[in-house]
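Here the structure is laid out as structure tokens; the discussion comes afterwards.
The values are calculated or read from the model by the stated rules, or taken from the named source; none is laboratory data. Computed from a prediction, not measured in an experiment: that's the story for all the values here. All Cβ positions, even for glycine, are placed from backbone atoms using ideal geometry, and neighbour counts span all protein chains on display.
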Amino acid sequence: MRHLTRGSTHGLGVSLSRDARRARPVVWISHKDAKCNSCGAGLGRGKLIVIDRAQGIRCLECASLAGLEFLPSGDAALTRRALARSSPSAVVVKFSRARKRNERQGVLVEETAIEEAESENAKDEARRETQRQQRRLRDAVAEQKYVAAFTAKLLALFPGAPLQAAEVIAARACEKYSGRVGRSAQAKALDEEAVTLAVRAHVRHEFTEYDRLLAEGLEPIEARARVRPAIEQRLTLWREGRSD
């Protein structure tokens, strides 16, 4: 039985009906030595076995699954296509003692099904890569529009804020995957409070001694209280349309 390593992709594949998924047998990766109840063959740790209440533990040969190839999880399109082209097939799972649950490891399918699926995947790889590039481009354009809208909202709330500072605040607060306030649902709705929080954070770091106080060992809550008047003064100036 060969072990295949597959990369991750999200290409389109052939959908399988719920009945087909429900009827597919489950094969386990054994975590201890066992013996086939049908033929008596020894089944060592790491072997693929079938378990059912009626017949107990069986090897793949006795479960009529011998000759199938293991296709690891990882490539959704390849797995869907291989399963659709293989009459006998099975889902391979392994019990995780750390997570205390069964985790899917891959599938067993006919070798010809894997070859056909690989061929079909290769044919439309260029199309799928084009789709990925187009999606990345759309996402980038959407992000640019969002940052621009955030900047505009910021300047509407704080007309005295310098344009360069507003752009810096928006870019930092809205940075993708940063977890900052600009990635919140409220910020994406251009909520006034969320935008103000981003401005307040910028002012705290750029126009007060907050970072120096932290470096000197002051607790954040204490440092914030000490610089709060300076922050409010700056915010008031910017709200009133004054930069100084």
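A few points about this structure:
- Search result, residues across the stretch 95-129 that are among the basic types (Lys, Arg), under 23 Å from the mean Cα position of the chain (by Cα) and either assigned to a helix (DSSP H, G or I) or over 24 Å from residue 67 (Cα atoms) (or both): 99, 100, 101, 127, 128
- All positions within the stretch 130-175 that are in a loop (DSSP other than H, G, I, E, B) and either surrounded by 15 or more Cβ atoms within 10 Å (Cβ to Cβ) or over 25 Å from the mean Cα position of the chain (by Cα) (or both): 158, 159, 160, 161, 162, 174
- Residues in the stretch 108-137 that are touching a residue at least 40 places away in the same chain (Cβ under 8 Å) and among the β-branched types (Val, Ile, Thr) were compared, and the one that is farthest from residue 24 (Cα to Cα) is 114.
- Scanning the stretch 42-66 for residues that are surrounded by fewer than 14 Cβ atoms within 10 Å (Cβ to Cβ) and touching a residue at least 12 places away in the same chain (Cβ under 8 Å) yields 44, 45, 46, 55, 61, 64.
- Residue count for the stretch 176-217, restricted to those that are in contact with a Lys or Arg (Cβ under 7 Å, 6 or more places away or on another chain), assigned to a helix (DSSP H, G or I) and within 17 Å of residue 243 (Cα to Cα): 1
- Count of the stretch 176-204 residues which are under 21 Å from the mean Cα position of the chain (by Cα) and under 28 Å from residue 222 (Cα atoms): 7
- Any chance residue 75 is loosely packed, with under 12 Cβ neighbours inside 10 Å and among the acidic types (Asp, Glu): no
- Single residue of the stretch 18-46 satisfying the filter (assigned to a helix (DSSP H, G or I) and hydrophobic (A, V, I, L, M, F, W, C)) that is modelled with the highest pLDDT: 23
- Residue match in the stretch 218-230 (condition: part of a helix (DSSP H, G or I), in contact with a Lys or Arg (Cβ under 9 Å, 6 or more places away or on another chain) and exposed (fewer than 14 other Cβ atoms within 10 Å of the Cβ)): no
- Restricting attention to the stretch 176-214, the residues that are exposed (fewer than 15 other Cβ atoms within 10 Å of the Cβ) and on the phi > 0 side of the Ramachandran plot add up to 2.
- Tally, over the stretch 52-74, of residues that are of a type outside the set (Lys, Arg), in contact with a Ser or Thr (Cβ under 9 Å, 6 or more places away or on another chain) and farther than 13 Å from residue 109 by Cβ: 8
- Any chance residue 86 is small (Gly, Ala, Ser) and either closer than 15 Å to residue 27 by Cα or touching a helix residue (DSSP H, G or I) at 6+ places or on another chain (Cβ under 9 Å) (or both): yes
- Candidates 105, 133 - the one that is out of contact with any helix residue (DSSP H, G or I) (no Cβ under 8 Å at 6 or more places or on another chain), not basic (Lys, Arg) and not assigned by TED's automatic domain parsing to the domain that holds residue 24: 133
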